[in-house]
Amino acid sequence: MIHLIQAKLGNMRKAQEFIAQKTDKGNYLVQSDKSIGMFDTSGEGVLNIKGSYFPHLSPVLGAKPYQFPEWFVAQVKEFYPNEGDLIGASPETGPVYYGGTTEI
């Protein structure tokens, strides 16, 4: 099953649960119900706390440069799923496997 990382990043009022993914270009993508961010192996990237969809990674839609905390980067690197990992199950579809994330 997938591991969620709880964190309060930027100027968030409350902590949120993030799902972590590694893209095909080696960057890390983190997404919660209300926020989205992307960073490289050093933790430097962008964060948008006002939108949670992929277009919100654009500066035009509010993404701001952000240095992710070291402890958060370490957890993301430890808990992101690999292609083919079981990430959940649904009564309608059965097991759900992670297929990967592609950067455009």
Condition check for Val73: assigned to a helix (DSSP H, G or I) and without any contact (Cβ under 8 Å) to a residue 24 or more places away in the chain = no
task = Restricting attention to the stretch 59-70, report how many residues are out of contact with any strand residue (DSSP E or B) (no Cβ under 6 Å at 6 or more places or on another chain) and part of a loop (DSSP other than H, G, I, E, B).
result = 1
query = Of Tyr80, Tyr97, Tyr53, which residue is touching a Gly at 6+ places or on another chain (Cβ under 8 Å) and either closer than 18 Å to His3 by Cβ or touching a residue at least 12 places away in the same chain (Cβ under 8 Å) (or both)?
reply = Tyr97
request  = Taking Glu92 as meeting all but one of (1) outside any strand (DSSP E or B); (2) within 18 Å of His3 (Cβ to Cβ), write down the number of the exception.
outcome  = (2)
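Any idea which residue in the stretch 1-15 is nearest to Val76 (Cα to Cα), counting only those that are in contact (Cβ under 8 Å) with a residue 40 or more places away in the chain and surrounded by 12 or more Cβ atoms within 10 Å (Cβ to Cβ)? Break it down into steps so the answer makes sense when it comes.
Of all residues in the stretch 1-15, those in contact (Cβ under 8 Å) with a residue 40 or more places away in the chain come to 1-3, 5, 7, 9-10.
Of the ones still in play, those that are also surrounded by 12 or more Cβ atoms within 10 Å (Cβ to Cβ) are 2-3, 5, 7, 9-10.
Working: Ile2: 12, His3: 9, Ile5: 8, Ala7: 11, Leu9: 14, Gly10: 17 Å.
So, considering only residues that are in contact (Cβ under 8 Å) with a residue 40 or more places away in the chain and surrounded by 12 or more Cβ atoms within 10 Å (Cβ to Cβ), the one nearest to Val76 (Cα to Cα) is Ile5.
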message = Return the residues of the stretch 34-43 that are surrounded by fewer than 18 Cβ atoms within 10 Å (Cβ to Cβ) and either under 11 Å from the mean Cα position of the chain (by Cα) or among the hydroxyl-bearing types (Ser, Thr, Tyr) (or both); say none if nothing qualifies.
response = Thr41, Ser42
request  = Go through the stretch 10-50 and give me each residue that's among the small types (Gly, Ala, Ser) and touching a helix residue (DSSP H, G or I) at 6+ places or on another chain (Cβ under 6 Å).
outcome  = Ala20, Gly43
query = Applying the selection to the stretch 44-76, what residues are surrounded by fewer than 18 Cβ atoms within 10 Å (Cβ to Cβ), among the small types (Gly, Ala, Ser) and farther than 16 Å from Ile19 by Cα?
reply = Ser58, Gly62
key: Test for Met38: is it in contact with a Gly (Cβ under 8 Å, 6 or more places away or on another chain), without any contact (Cβ under 8 Å) to a residue 40 or more places away in the chain and either more than 15 Å from Pro81 (Cβ to Cβ) or of a type in the set (A, V, I, L, M) (or both)   = yes
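Bear in mind that the values in this text are calculations on the coordinates, not laboratory data. Model, not experiment: these values are computed from the prediction. When we count neighbours, we look across all protein chains shown, and the Cβ atoms used for this are built from the backbone with ideal geometry, even at glycine.
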